[in-house]
Amino acid sequence: QVQLVESGGGLVQAGGSLRLSCAASGIIFSSSTVAWYRQAPGNQREFVTRILGIGLTNYANSVKGRFTISRDNAKSTVYLQMNSLKPEDTAVYYCYIINRNVWGQGTQVTVSS
(Lines give C-alpha, C1' and ligand atoms only; values in the text may rest on other atoms or scores of the structure.)
Protein backbone atom coordinates (compact mmCIF):
# COMPACT_ATOMS: atom_id res chain seq x y z
CA GLN A 1 0.00 0.00 0.00
CA VAL A 2 1.44 3.32 -1.10
CA GLN A 3 1.36 6.11 1.46
CA LEU A 4 2.47 9.72 1.25
CA VAL A 5 2.94 11.97 4.25
CA GLU A 6 3.45 15.69 3.71
CA SER A 7 4.84 18.09 6.27
CA GLY A 8 6.35 21.55 6.53
CA GLY A 9 3.38 23.78 5.88
CA GLY A 10 2.57 26.78 8.01
CA LEU A 11 2.09 30.52 8.20
CA VAL A 12 4.76 32.82 6.81
CA GLN A 13 4.99 36.46 5.84
CA ALA A 14 5.29 37.53 2.24
CA GLY A 15 8.89 37.24 1.09
CA GLY A 16 9.56 34.38 3.48
CA SER A 17 10.42 30.74 2.85
CA LEU A 18 9.09 27.30 3.68
CA ARG A 19 10.23 23.80 2.84
CA LEU A 20 7.67 21.07 2.33
CA SER A 21 8.48 17.39 2.59
CA CYS A 22 6.71 14.38 1.12
CA ALA A 23 7.74 11.01 2.51
CA ALA A 24 6.65 7.91 0.61
CA SER A 25 6.33 4.29 1.64
CA GLY A 26 5.20 1.11 -0.07
CA ILE A 27 6.67 2.04 -3.42
CA ILE A 28 9.89 1.81 -5.44
CA PHE A 29 10.49 5.48 -4.94
CA SER A 30 13.60 6.00 -7.04
CA SER A 31 11.74 5.31 -10.29
CA SER A 32 8.66 7.34 -9.41
CA THR A 33 7.72 10.69 -10.87
CA VAL A 34 6.56 12.92 -8.04
CA ALA A 35 4.65 16.17 -8.35
CA TRP A 36 3.38 18.94 -6.13
CA TYR A 37 -0.03 20.43 -6.76
CA ARG A 38 -1.86 23.12 -4.84
CA GLN A 39 -5.45 24.16 -4.34
CA ALA A 40 -6.57 27.54 -3.08
CA PRO A 41 -10.10 28.06 -1.74
CA GLY A 42 -12.59 28.27 -4.60
CA ASN A 43 -9.99 27.26 -7.16
CA GLN A 44 -9.19 24.07 -8.99
CA ARG A 45 -6.16 22.06 -8.03
CA GLU A 46 -3.21 23.23 -10.10
CA PHE A 47 0.16 21.86 -11.04
CA VAL A 48 3.17 23.38 -9.28
CA THR A 49 6.17 21.23 -10.14
CA ARG A 50 7.34 17.66 -10.75
CA ILE A 51 10.54 15.68 -10.63
CA LEU A 52 11.28 12.54 -12.58
CA GLY A 53 13.17 9.58 -11.20
CA ILE A 54 16.23 10.69 -13.14
CA GLY A 55 15.99 14.14 -11.62
CA LEU A 56 14.55 16.18 -14.47
CA THR A 57 12.17 18.89 -13.27
CA ASN A 58 9.32 21.04 -14.57
CA TYR A 59 7.74 24.10 -12.97
CA ALA A 60 4.62 26.14 -13.42
CA ASN A 61 5.43 29.62 -14.69
CA SER A 62 3.96 31.14 -11.54
CA VAL A 63 6.62 29.55 -9.32
CA LYS A 64 9.61 29.32 -11.67
CA GLY A 65 12.67 30.89 -10.10
CA ARG A 66 11.16 30.86 -6.61
CA PHE A 67 10.41 27.19 -5.91
CA THR A 68 12.79 24.26 -6.15
CA ILE A 69 11.85 20.59 -6.10
CA SER A 70 14.39 17.96 -5.10
CA ARG A 71 14.46 14.37 -3.99
CA ASP A 72 16.39 12.08 -1.67
CA ASN A 73 15.81 8.55 -2.90
CA ALA A 74 17.60 7.06 0.10
CA LYS A 75 14.91 8.62 2.30
CA SER A 76 12.06 8.14 -0.20
CA THR A 77 11.35 11.83 0.21
CA VAL A 78 10.69 14.74 -2.10
CA TYR A 79 11.16 18.33 -0.99
CA LEU A 80 9.70 21.61 -2.16
CA GLN A 81 11.75 24.64 -1.20
CA MET A 82 9.60 27.74 -1.54
CA ASN A 83 11.29 31.13 -1.46
CA SER A 84 10.02 34.67 -2.00
CA LEU A 85 6.54 33.53 -1.07
CA LYS A 86 3.57 35.65 -2.11
CA PRO A 87 0.04 35.82 -0.70
CA GLU A 88 -1.18 34.18 -3.91
CA ASP A 89 0.86 31.10 -3.01
CA THR A 90 -1.59 30.45 -0.17
CA ALA A 91 -3.12 27.01 -0.73
CA VAL A 92 -3.19 23.43 0.39
CA TYR A 93 -0.19 21.73 -1.17
CA TYR A 94 -0.47 18.09 -2.22
CA CYS A 95 2.18 15.56 -3.09
CA TYR A 96 1.29 13.22 -5.96
CA ILE A 97 2.93 10.05 -7.28
CA ILE A 98 2.06 10.36 -10.95
CA ASN A 99 2.72 6.82 -12.10
CA ARG A 100 0.73 5.34 -9.21
CA ASN A 101 -2.03 7.97 -9.07
CA VAL A 102 -1.61 8.40 -5.31
CA TRP A 103 -2.18 11.68 -3.45
CA GLY A 104 -1.01 12.81 -0.06
CA GLN A 105 -3.33 14.36 2.50
CA GLY A 106 -2.13 17.90 1.86
CA THR A 107 -0.44 20.54 3.96
CA GLN A 108 -1.64 24.11 4.39
CA VAL A 109 0.59 26.99 3.35
CA THR A 110 -0.58 30.47 4.28
CA VAL A 111 1.32 33.58 3.21
CA SER A 112 0.33 36.83 4.89
CA SER A 113 0.81 40.21 3.25
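The values are calculated or read from the model by the stated rules, or taken from the named source; none is laboratory data. These numbers were taken from a predicted model, which means no experiment stands behind them. Heads up, the Cβs are rebuilt from the backbone with ideal geometry, glycines too, and the neighbour counts pull from every protein chain shown. Heavy atoms of the whole protein, side chains included, go into the accessibility calculation; ligands, DNA and RNA do not. Shrake-Rupley method; radii C 1.70, N 1.55, O 1.52, S 1.80 Å.
Miscellaneous remarks
- Rounded percent of accessible protein surface that carbon and sulfur make up, the chain, 1.4 Å probe: 47
- Shape box of segment 47-103 [Cα atoms, principal axes, largest first, Å]: 32, 20, 19
- Segment I54..N99, full-extension length gain: 14.8 nm, with 0.36 nm per residue of separation and the alpha-carbon distance subtracted.
- Basic side chains Lys and Arg get +1 at the Cβ, acidic Asp and Glu get -1 at the Cβ, and with that the dipole of the chain about its Cα centre reaches some 160 debye.
- Rg over Rh for segment 8-113 works out to 0.95, using Cα positions for both radii and the Kirkwood form for Rh.
- Between F67 and N83, the built amide H atoms are under 5 Å apart, and every one of these is 5 or more places off in sequence or on another chain.
- Sequence ranges 67-77, 51-61, 30-40, ranked by mean other-Cβ count within 10 angstrom, highest first: 30-40, 67-77, 51-61
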